[in-house]
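J.: The structure follows.
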Amino acid sequence: MRIVRRDIFSRGLFVIMLFSLVLTAGCQPGNIAVTPVPVDEPDYSCAYFYFLWGRQAELAMRLPEALEAYEKALICDPDADHIMRKIPVILLRMNRGGEAAVLLKKYLEKKPDAEGIRMLLARVYISLGQNDAAAREYRTIHRLDPSETRSLMLLSELYLNQNNLDGAEQVLKQVLEAQPESYPAHVLLGRIYLSRGKYDQALNEYDRALEISWSTDLLLEKSEVYAQQERTDELIAIYRQVLEGDPDNERVALSLVNALLDVEREEEALELLHSLKTRSGRSDRVNLSVARFYARMGRYDEAVVNLRKYLEKNNSSSVRYLLAVILSQAEQYEKSLAELQLISSASDEYENALALRVRVLRHLGRENEAVELLENILADGGAAGSPDLYVMLAALYQLQDRNEMGESTFKRALAAFPDDDELLYEYALFLDSAGESDRAISVMQEVLRRKPEHGGALNYVGYSWADRNIHLDKALEYIRKAVGLKPESGYIRDSLGWVYYRLGRLEEALAELREAVRLSPDDPTIAGHLADVYLELGRRDKALDAYRKSLELLEEDDREARDALLEKIRLIENSLKE
């Protein structure tokens, strides 16, 4: 009730003020909306009257009315900066940024030193996507007043939003030349150096900022420099420093636990967890951390105990899924299945839980049960919105050498999800593993017709052509494009090296295959390709090492591939003895 009376009072007061101003301005109260006539001298009463009117309309979100009132106020007092600032803001809110820019530029022709107006113009330019123009305005402000740095800070943020780190760095250095104690400049510069891996310079900036204004949050931000450098001792020291002042800081304590584990100081980590458990009022959360600690150490029974304690108080599907994972790692498969069955189909973990159920059933040799499970879910509509269940089911059929059922499953999936490019990609991989590589290439090309930037499909088609020693120029084009899309993929780098090998460009092949081995050191095929290139270059000792590495990585049951490698190794060993 009190709020209502206040609103009535405020509105009544506003009407009285308007009435008073109308009389002062020489207007009749029944004819308030008159257009003011420009005069040589500012009419402050008239300007104030229309300014109040505009403000009331703006608060009520009547923007056209507010704009009209502010424009009339500016006619009454053309030099009023506070009114001038209102009009472009209203124009921006009405999506009329271009008009706002024109108006502000006209004003600056008369008053080029109006810093606030120039700041507003920069803001308008940013809203219009004209970032270079905004940058010019910020630089003009600083040029007009070299001691002013707010414009430079805004300019640095503009550059950061554009990912222009060089520009942001130079501007922040300008700020620090004018104001060496600028806390935000030191922090932003520290972040830039951190993102660029310039760790010593980042530490220097964070230390300067901490001297100016110490805070736990900034100290923890500094710790990220040590984390990226894997300087665990310094990282641990920072966490302990924070905990001295805030011993109940659970987040930092858990970070300290992880850091201690990284340097294999397990007993200290466990002691810290137990001390945190006794101090914290959230023992359930600590139980969860203790469980993860035990799981990491392979102490599965203790991990299970702590997770069950957590679940006694919290029915969390994510924690139940974690419990099921740990039980499966502990080879307690039936118990794992029992937990997975308790995870609701409405939970976020449902599909992960379903995939784990399938893996456990496969491990137990109960593939038919896994197939029946997925078929029942699909029949009940449980896969709505998710093609992954179809892919799992097709893979199960393929494991049972029932490729026709697997293909039928994919056809059902593609009928349900005709526009899913990833599903089509999975279908092509299925065909490849079924020995139908020509059909697989055809389907991959359909993926590329739909999505030309699909890195996996580009790599598959390009590598298939290179492996067959056909269409090599086109294969190179595809794989280079795939590398651009996924530069950190060892498998795609391997494809690039292999097509170079087919083209006879051996030094380029060698460079790419070395990079592929670095990115995917455990792949026997990549190691074998590298060995082939070394052998072609006449570097038999290097080839022998690479072939031996490939043999070491091969599965024991892949007899055909192992025999082929053993023969290559034997031939090279004999040639080196000659």
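The values are calculated or read from the model by the stated rules, or taken from the named source; none is laboratory data. Computed from a prediction, not measured in an experiment: that's the story for all the values here. Note: ideal-geometry Cβ built from the backbone for every residue, glycine included; neighbour counts use all protein chains shown.
J.: Name the residues in region 440-459 that are surrounded by 19 or more Cβ atoms within 10 Å (Cβ to Cβ), over 25 Å from the mean Cα position of the chain (by Cα) and small (Gly, Ala, Ser), would you?
T.: Hit for region 440-459 is 440, nothing else.
J.: Let me ask something additional. Test residue 372 against the stated conditions and say whether it is out of contact with any Pro (no Cβ under 9 Å at 6 or more places or on another chain), surrounded by fewer than 18 Cβ atoms within 10 Å (Cβ to Cβ), modelled with pLDDT of 90 or more and in a helix (DSSP H, G or I).
T.: It is true that residue 372 is out of contact with any Pro (no Cβ under 9 Å at 6 or more places or on another chain), surrounded by fewer than 18 Cβ atoms within 10 Å (Cβ to Cβ), modelled with pLDDT of 90 or more and in a helix (DSSP H, G or I).
J.: Counting only residues that are part of a helix (DSSP H, G or I) and charged (D, E, K, R), which one in region 124-157 is surrounded by the most Cβ atoms within 10 Å (Cβ to Cβ)?
T.: Within region 124-157, the match that is surrounded by the most Cβ atoms within 10 Å (Cβ to Cβ) is 137.
J.: Out of (1) touching a helix residue (DSSP H, G or I) at 6+ places or on another chain (Cβ under 6 Å); (2) at pLDDT below 95, what's the single condition that is false for residue 410?
T.: Just one mismatch for residue 410, condition (2).
J.: Given the condition over 30 Å from residue 426 (Cα atoms) and at pLDDT 95 or above, answer yes or no: does some residue in region 491-499 qualify?
T.: Looking for residues that are over 30 Å from residue 426 (Cα atoms) and at pLDDT 95 or above, one finds none in region 491-499, hence no.
J.: For region 534-578, what are the residues that are without any contact (Cβ under 8 Å) to a residue 12 or more places away in the chain, within 19 Å of residue 523 (Cβ to Cβ) and assigned to a loop (DSSP other than H, G, I, E, B)?
T.: 555, 556, 557, 558
J.: Could you pull out the residue among 327, 322 that is modelled with pLDDT of 80 or more and either in contact with a Phe, Trp or Tyr (Cβ under 9 Å, 6 or more places away or on another chain) or not in a helix (DSSP H, G or I) (or both)?
T.: 327
J.: Moving on. What's the number of the condition residue 511 fails, among (1) surrounded by 19 or more Cβ atoms within 10 Å (Cβ to Cβ); (2) modelled with pLDDT of 95 or more?
T.: Every listed condition holds for residue 511 apart from (1).
J.: Of everything in region 104-116, what is in contact with a helix residue (DSSP H, G or I) (Cβ under 8 Å, 6 or more places away or on another chain), in a helix (DSSP H, G or I) and modelled with pLDDT of 85 or more? Give them in sequence order.
T.: Answer for region 104-116, where residues must be in contact with a helix residue (DSSP H, G or I) (Cβ under 8 Å, 6 or more places away or on another chain), in a helix (DSSP H, G or I) and modelled with pLDDT of 85 or more: 104, 105, 108, 115, 116.
J.: Give 160, 121 a once-over and let me know the one that is closer than 16 Å to residue 89 by Cα and either modelled with pLDDT under 90 or surrounded by 16 or more Cβ atoms within 10 Å (Cβ to Cβ) (or both).
T.: Answer to the selection: 121.
J.: Sticking with this one: Taking region 281-301 on its own, how many of its residues are in a helix (DSSP H, G or I) and either at pLDDT 80 or above or under 18 Å from residue 259 (Cα atoms) (or both)?
T.: Of the residues in that region, 12 qualify.
J.: Further question: Could we say that residue 251 is under 28 Å from the mean Cα position of the chain (by Cα), within 27 Å of residue 229 (Cα to Cα), free of Cβ contacts under 8 Å to residues at least 60 places away in the same chain and exposed (fewer than 14 other Cβ atoms within 10 Å of the Cβ) here?
T.: So residue 251 fits the description; yes.
J.: I'd like to verify a number: residues in region 115-149 that are polar (S, T, N, Q) and under 29 Å from the mean Cα position of the chain (by Cα), how many?
T.: Within region 115-149, residues that are polar (S, T, N, Q) and under 29 Å from the mean Cα position of the chain (by Cα) number 3.
J.: Identify the residue in region 329-348 that is loosely packed, with under 15 Cβ neighbours inside 10 Å and touching a residue at least 24 places away in the same chain (Cβ under 8 Å) and, among all such residues, is farthest from residue 303 (Cα to Cα).
T.: 345
J.: Another question about this same structure. Is there a residue being closer than 30 Å to residue 444 by Cα and out of contact with any helix residue (DSSP H, G or I) (no Cβ under 7 Å at 6 or more places or on another chain) anywhere in region 548-555?
T.: Looking through region 548-555, at least one residue is closer than 30 Å to residue 444 by Cα and out of contact with any helix residue (DSSP H, G or I) (no Cβ under 7 Å at 6 or more places or on another chain).
J.: Could you say which residue among 211, 268 is farther than 30 Å from residue 165 by Cβ and not hydroxyl-bearing (Ser, Thr, Tyr)?
T.: That would be 268, the only listed residue that is farther than 30 Å from residue 165 by Cβ and not hydroxyl-bearing (Ser, Thr, Tyr).
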